[in-house]
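The values are calculated or read from the model by the stated rules, or taken from the named source; none is laboratory data. If you're wondering where the values come from, they're calculated on a predicted model, not measured in any experiment. A quick note on method: Cβ atoms are made from the backbone with ideal geometry, for glycine too, and the neighbour counts reach across all protein chains shown.
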Amino acid sequence: MPETTSAPDSDPEDHASADLKSGRNVFPVSDGAAFARSGKALAKLGRAFLKFSEALRDDVAAASRRAAKRLRILGRDAAQRLRDLDHSTAKRRAGALAQRSAAVWSRLVRPRAPMPEIISAEGNKRRRRKLVLRSLAATGAASLIFFVGVFAWALGDVPWDEIAEGTLRPVVVLETSDGKPLVRQGPIQGPYATHEDFPRHLIDAVLTAEDRRFYDHSGIDLR
């Protein structure tokens with residue numbers, strides 16, 4: 001069979017495809033060939049990055065030159081306007097602006113005068129409040145006078161002098177030979193007796209003479 005020849009600078013992948021077509025045995029590509037392809041790809045990537053950086057540098061430089069030119073133009077225009085400005089006119093405008101600002105500030109800070117309706121409403125509220133307070137004070141004073149008068153009337157017939165004299169007078173008790181009381185002279189000063197210690201007929205006689213409705217009220221009979 002005639003032998004097939006390939007160009008000396010052909011790629012190993014072309015050899016592999018040709019061997020597959022001719023039916024010959026194909027051996028795997030060596031590591032050196034793989035590294036060679038990676039190196040070529042990296043070299044291409046580096047050259048592309050260099051070109052990109054050069055283009056970016058040129059674009060940035062051009063944009064900077066245009067911005068500097070515009071800034072110089074704006075600076076010249078501003079300087080020319082300042083030179084052409086009339087200082088007296090500027091002073092008048094600044095004074096007018098300051099006066100307007102002061103007037104606005106004074107209106108904001110100065111308290112507003114209350115409206116007549118608000119003043120009258122507040123006056124009515126104060127008068128009503130004073131009237132209520134005076135009414136409460138008068139009611140309290142009248143209630144106090146009433147209770148003082150009731151207590152004075154209820155305790156008016158109590159013999160305070162006799163009670164005081166009785167508590168100061170001595171009590172003489174005569175006893176028999178066996179120690180029993182025989183005669184007692186002076187005001188009775190003994191322990192208080194309970195309701196059950198008195199006989200029923202004595203209680204009824206006292207209530208009939210003093211207050212027949214004793215059990216019907218709380219201590220003061222308003223009838």
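Here's a check for you: in the range 185-223, which residue that is part of a loop (DSSP other than H, G, I, E, B) and more than 29 Å from VAL150 (Cα to Cα) is farthest from the chain's Cα centre (by Cα)? If we take residues in the range 185-223 being part of a loop (DSSP other than H, G, I, E, B) and more than 29 Å from VAL150 (Cα to Cα), then GLY186 is farthest from the chain's Cα centre (by Cα). For the range 167-181, the set of residues classified as surrounded by 10 or more Cβ atoms within 10 Å (Cβ to Cβ) and in a strand (DSSP E or B) consists of VAL173, GLU175, listed by residue number.
The condition of being modelled with pLDDT of 80 or more and aliphatic (A, V, I, L, M) holds for only one of ALA103, ALA67, that being ALA67. ARG128 meets each of the listed conditions (1) part of a helix (DSSP H, G or I); (2) exposed (fewer than 10 other Cβ atoms within 10 Å of the Cβ) apart from (2).
Looking at LEU20, LEU45, LEU74, which one is over 58 Å from the mean Cα position of the chain (by Cα) and at pLDDT 80 or above?
Details: LEU20 fails: at pLDDT 80 or above; LEU74 fails: over 58 Å from the mean Cα position of the chain (by Cα).
Every option except LEU45 fails the conditions.
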